[in-house]
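The values are calculated or read from the model by the stated rules, or taken from the named source; none is laboratory data. As the structure is a prediction and not an experimental result, all values here were calculated from the model. Note that each Cβ is placed from the backbone with ideal geometry, even for glycine, and that neighbours are counted across all protein chains shown.
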Amino acid sequence: MEKDKIDLSIVIPLYNEEESLGELHEQITTVLGSLDTSAEIVFVDDGSSDASMKKLTELHEKDARVRVYQFRKNYGKSAALAKGFSVAKGQTLITMDADLQDDPREIPHLLAKLDEGFDLVSGWKKERKDPFIKRTTSRLFNRITCMSTNLEMHDINCGIKAYRREVTDAINVYGQLHRFLPVLAQWEGFKVSEIVVRHHPRKYGKTKFGVSRFVAGFIDLITVLFITRYTRRPLHLFGLAGLVSFIFGLGLSSWLAFERIFNDKYLSNRPMMFLGILLIIVGVQFVSIGLLGEMITESRKQQVDYAIKKTLT
Ligand SMILES: Nc1nc2c(ncn2[C@@H]2O[C@H](COP(=O)(O)OP(=O)(O)O)[C@@H](O)[C@H]2O)c(=O)[nH]1
Ligand SMILES: [Mg+2]
C-alpha cells in the first residue's frame, strides 16, 4: 500500500450539528475499535454558525484520527462531500450524516457488502424515523428517480453509504447532485447495491432539508437524466424534438398556403398560422441548440474520459 494511504475514511458533512458531534464521535470510536483497520474521520463543516467548529477542534485535539475542514461559508452538502472525497486518504470511504440518525454500527455491514463485489453500497432506511410528509415525498422521489434511471434501489439519498475509492475518484459531485450519487456511479459502470440500515429519530437540532428540497430534487433529476444520457450526444435529444416540431410546423403552414392559393381561404382569420410559424421557429432553434451542444462536446473531446476498469499492456 502507498505511504499515507489508509484503509478507511469516514466522511461526515455537517451543518450546525453542535449537540450531536460528541456522541457521534464516541459511537464511531466504539465501532472502529471492533474493526481491524486503519481509519480516519474527516469532518467537513459547511460554514456552521453554531459551536460545531469548537466541538470539532476539541475532537481533533483528543483524537489524531479526526481531521476537520471548515468552509468559510455554507456551500451545501454536495460541495462538502466533494471536499471530503478529495481529501480522504482511505481505500474505502464511508459517508454518514452528523445528526445521529445514521448508525455507525452499520459500518461493518456496509463493508461486508462491498466485499461481496460491489463498488457502492447504500443504506436503505426501511423503517424511517422522519415525519410523515418527509417519508412520503421521499418515497415518491425515489420511485420516480428509479423508474427514469433504471436503478433498482429504495433509498437513493440515504446519508450512510460505502464507496470504493475508484467510485469517489470518478464521480463529480456538485450543485445538489449528492442526492443522485448511486445514479451517477451506476452510469459510470460501477456496481451498486443496498442494505437495510437502522435509522433513528433526530435527537438534537432540526432538519435542514424541508419540503422545498422536493422541488429542487426534480429539477436536479432533469440535470442528471441529461448528463447521464445526452452529454456525449446532445443532438439526439434536441435534434429529435426540433425535427418533430419543424415537420409539424412546415406541414401546417403548407396546408394553410395550399388553402390560400387554391381554395381562396384567407389567412386573416386563421390562428393556426401562428402555430405553424411557432413550430417552425422552435424546431430550428432546437436543432441549433443541439448542434451547439455537439460543438461543445466535440471541442471537449480530449477531456471527456471513459471509465476504465483495468488496463493490461
Ligand atoms: N455540508 C452540509 N451538510 C449539511 C447541510 N445541510 C444539512 N447537512 C448535513 O446533512 C445531514 C442530513 O441533514 P438533515 O438536516 O438531517 O436532513 P434529513 O435527515 O433529510 O432531515 C446532516 O448531517 C446535516 O448536518 C449543508 O448545507 N451542508
Ligand atoms: Mg437527518
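What the table below lists for this structure:
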| read-out | value |
| --- | --- |
| THR136 being more than 18 Å from the chain's Cα centre (by Cα), over 30 Å from ASP50 (Cα atoms) and of a type in the set (Ser, Thr, Tyr) | yes |
| Test set (1) outside any loop (DSSP other than H, G, I, E, B); (2) in contact (Cβ under 8 Å) with a residue 60 or more places away in the chain - PHE248 fails condition number | (2) |
| In the stretch 114-129, the residues that are basic (Lys, Arg) and surrounded by fewer than 18 Cβ atoms within 10 Å (Cβ to Cβ) | LYS126, ARG128, LYS129 |
| Of all residues in the stretch 120-165 being more than 14 Å from ligand 1 (Cβ to nearest atom), free of Cβ contacts under 8 Å to residues at least 40 places away in the same chain and assigned to a loop (DSSP other than H, G, I, E, B), the one that is farthest from THR95 (Cα to Cα) | ASN150 |
| Evaluation of PHE214 against (1) away from ligand 1 (no atom under 16 Å from the Cβ); (2) surrounded by fewer than 19 Cβ atoms within 10 Å (Cβ to Cβ) (one fails), failing number | (1) |
| Out of ILE6, ILE12, sole residue that is among the β-branched types (Val, Ile, Thr), in contact (Cβ under 8 Å) with a residue 40 or more places away in the chain and within 20 Å of ASP115 (Cα to Cα) | ILE6 |
| Hey, GLU152 more than 15 Å from the chain's Cα centre (by Cα) and at pLDDT 95 or above or not | no |
| Residues within the stretch 196-212 that are among the aliphatic types (A, V, I, L, M) and in a strand (DSSP E or B), tallied | 1 |
| Residue list for the stretch 95-113, filter: surrounded by 19 or more Cβ atoms within 10 Å (Cβ to Cβ) and more than 16 Å from ligand 2 (Cβ to nearest atom) | ILE107, LEU110 |
| Any hit, the stretch 239-247, residues being exposed (fewer than 14 other Cβ atoms within 10 Å of the Cβ) and within 16 Å of ligand 2 (Cβ to nearest atom) | no |
